[in-house]
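Peer 1: Take this structure first; my questions come after.
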Amino acid sequence: MYAFLSTLAFVVCGASVRATSLMYTLRAGVRISSGGTVIIRSVRAKMTVPFCASLCGATCGAFQVSSMTDECVTFSERFHTKGIELTSDPEWTLGYSQSSVSDGDWTLAFRAQTGLNAYVYKTWVSDGTHHDSPEEAGDFPQVCLRLVDYGSCDRYFRSQILDNWEKIQEVRFSMVKSGAEVAYAVFNGTGTDRESWFHPSRIMSSSWQPGVTTDTLTRPEIKGYCGGTGTACRRFKLYGASLGCPKEWAYTVTIDAPYDACVDQGHWPTAGDPAQDFPVFLYSQSGRGGLGESAEYPLIQRADVMAVWVKFAWPPANK
């Protein structure tokens, strides 16, 4: 499902025009009607999208252009920032600052990689860390945005979307191994925050259906739980009943520390050695995946990358 944008450009229905060192996506028939802080308002004959975009500098989160009034307006906020109101209007085109990785309507919000020995959840909740901000995007290593050929990546990617969780329609949770998506779940993101979307009751489609939406899972959530050394630190949990280490199963779980009691006792053979290369992203290939050596299901597998994508909600187009 992935398309990696190796250059920063403007993406319009599959075509691109280079205008600045930033990347924006254009949405025809939509404008910001209220709630935005205007940086520049300019009118000139035959105003074009590239020219308006050139006015959208490092502090600009969005811009809009009117084909009728030849007007360009730039805003400091992103289009999905809390308080921003969007309106359908066929005379306007909205351009918004975008993540460095997108695929159609999907935008990358978070990417973590196994073996980096850094805490995933700590980065997830690290307010103010934005690797897609104009100040940081140019210095962020592109290898850490990839879902192929990512072996030399040394850090996680966190989008400003996580601090502005607004107008989210769908969320895609994805596991990647050897450059291919090996497991996924698409969640209904309407009315959620950056934690609450991750629940089996919100799953719209998944490689784990139908069981993942009908099984009774133990505390399915992103935060999970994290104890001290000798216990466990497990995040992004879609986890079965507590049956004891040898018999436990899950659809997915992330070991987010250099220790895990079940792994350290030798019961979870596919988890590797978190002490050497955490985090560990575990996923089942279809239905329930056995964590322990005595589980009744095929053994769970280990992924290379965990990615979270979002799809934004837009006003209905005017007919």
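Taken together, the values in this text are just the output of simple stated rules run on the coordinates, not laboratory data. Worth saying up front: this structure is predicted, and the values here are computed from it rather than measured. Note that we place each Cβ from the backbone using ideal geometry, even for glycine, and neighbour counts take in every protein chain shown.
Peer 1: Within 10 Å, at most 14 other Cβ atoms, and a DSSP state outside H, G, I, E, B define an exposed site. Report the longest part of the chain free of exposed GluC sites (Glu not before Pro). Each step should come with its number before you reach the end.
Peer 2: Details: sites that count: GLU195, GLU293, GLU296.
The answer is 1-194.
Peer 1: Put a dot 7 Å past each Cα toward the Cβ at SER178 and ASP139; how far apart are the dots in nm?
Peer 2: 3.7 nm
Peer 1: Shifting gears a bit: Once you place label points 7 Å from the Cα toward the Cβ at ASP103 and SER205, how far apart are they in nm?
Peer 2: Label-label distance for ASP103 and SER205, simple model: 1.2 nm.
Peer 1: Could you tell me the center-to-center distance, by alpha carbons, between region 108-184 and region 31-85 in angstrom?
Peer 2: Cα centroid to Cα centroid, the span is 28 Å.
Peer 1: What dipole magnitude, in Debye to the nearest 20, does region 146-298 give about its Cα centre under +1 on Lys/Arg Cβ and -1 on Asp/Glu Cβ? Could you put the intermediate results ahead of the total?
Peer 2: On the way: 15 positive and 18 negative charges, 67 e Å.
The dipole magnitude comes to about 320 debye.
Peer 1: Using a Gaussian network model of the chain with C-alpha springs under 10 Å, which one of ARG302, ARG219, ARG111 is most mobile by mean-square fluctuation?
Peer 2: ARG219
Peer 1: Take the chain, connect every pair of alpha-carbon atoms lying under 10 Å apart with a spring to form a Gaussian network, then pick out the residue of LYS82, LYS46, LYS247 with the largest mean-square fluctuation.
Peer 2: LYS46
Peer 1: Using a Förster radius of 22 Å, what is the FRET efficiency between ILE40 and LYS82 based on their Cβ-Cβ separation? Nearest 0.05, please.
Peer 2: Details: r = 23 Å, r/R0 = 1.02.
My answer for the efficiency is 0.45.
Peer 1: Using a simple spin-label model with points 7 Å from Cα along the Cα→Cβ vector, what separation in nm is obtained for ASP70 and GLN276?
Peer 2: 6.8 nm
Peer 1: From the residues TRP197, ASN164, GLY151, which one has its Cα farthest along the dipole of region 134-231 in the positive direction, the dipole being from +1 and -1 charges on Cβ of Lys/Arg and Asp/Glu about the Cα centre?
Peer 2: Of the candidates, TRP197 comes out farthest on the positive side.
Peer 1: Could you give the alpha-carbon Rg of the chain over 2.2 N^0.38 Å, rounded to two decimals? List each step's numbers first, then the result.
Peer 2: Working: Rg = 21.4 Å, N = 319, 2.2 N^0.38 = 19.7 Å.
Compactness ratio reported: 1.09.
Peer 1: Roughly speaking, what is the stretch gain from GLN285 to ARG302, that is 0.36 nm per residue apart minus the C-alpha to C-alpha distance, in nm to one decimal?
Peer 2: 5.1 nm
Peer 1: Continuing with this model, one more query. Using only DSSP helix segments of four residues or longer, with each worth -39500 (n - 2.57), what per-residue ellipticity at 222 nm results for the chain after dividing by its residue count and rounding to 500?
Peer 2: Values: 6 runs with 27 residues, N = 319.
-1500 deg cm²/dmol, from helical runs alone.
Peer 1: How large is Rg over Rh for region 237-297, taking Rg from the Cα atoms and Rh as the Kirkwood inverse mean of 1/r across Cα pairs? Walk me through the intermediate numbers first.
Peer 2: Details: Rg = 10.5 Å, Rh = 11.3 Å.
With Rg and the Kirkwood Rh in hand, the quotient comes to 0.93.
Peer 1: When the chain is fully extended, how far beyond the present Cα-Cα distance does LYS223 get from VAL125, taking 0.36 nm per residue of separation? Write down the numbers at each step before the final one.
Peer 2: Details: separation 98, 0.36 × 98 = 35.28 nm, distance 0.96 nm.
This chain segment gains 34.3 nm when fully extended.
Peer 1: Still on this structure, please answer the following. Anyone know which of GLN265, GLN142, GLN160 comes out most mobile in the 10 Å Cα GNM of the chain?
Peer 2: Of the options given, GLN265 has the highest mean-square fluctuation.
Peer 1: For region 169-319, evaluate the Debye formula with one uniform point scatterer on each Cα (no solvent term) and list log10 I(q)/I(0) at q = 0.11, 0.18 Å⁻¹, rounded to two decimals.
Peer 2: -0.41, -1.04
Peer 1: So, one more: Give the aspartates and glutamates reachable from LYS167 as a straight Cα distance under 19 Å; neighbours fewer than 8 places away on the same chain don't count.
Peer 2: Result set, ordered by chain and number: GLU77, GLU85, ASP89, ASP103, ASP105, ASP127, ASP132, ASP193, GLU195.
Peer 1: Could you tell me which residue out of VAL305, LEU282, PRO315 lies farthest along the dipole of region 271-319 toward its positive end? Charges go on the beta carbon: Lys and Arg +1, Asp and Glu -1, centred on the Cα centre.
Peer 2: In region 271-319, that residue is PRO315.
Peer 1: Any idea what the dipole of the chain comes to, in debye rounded to 20, about its Cα centre with Lys/Arg Cβ at +1 and Asp/Glu Cβ at -1? List each step's numbers first, then the result.
Peer 2: On the way: 28 positive and 32 negative charges, 111 e Å.
Using only the charged Cβ atoms, the result is roughly 540 debye.
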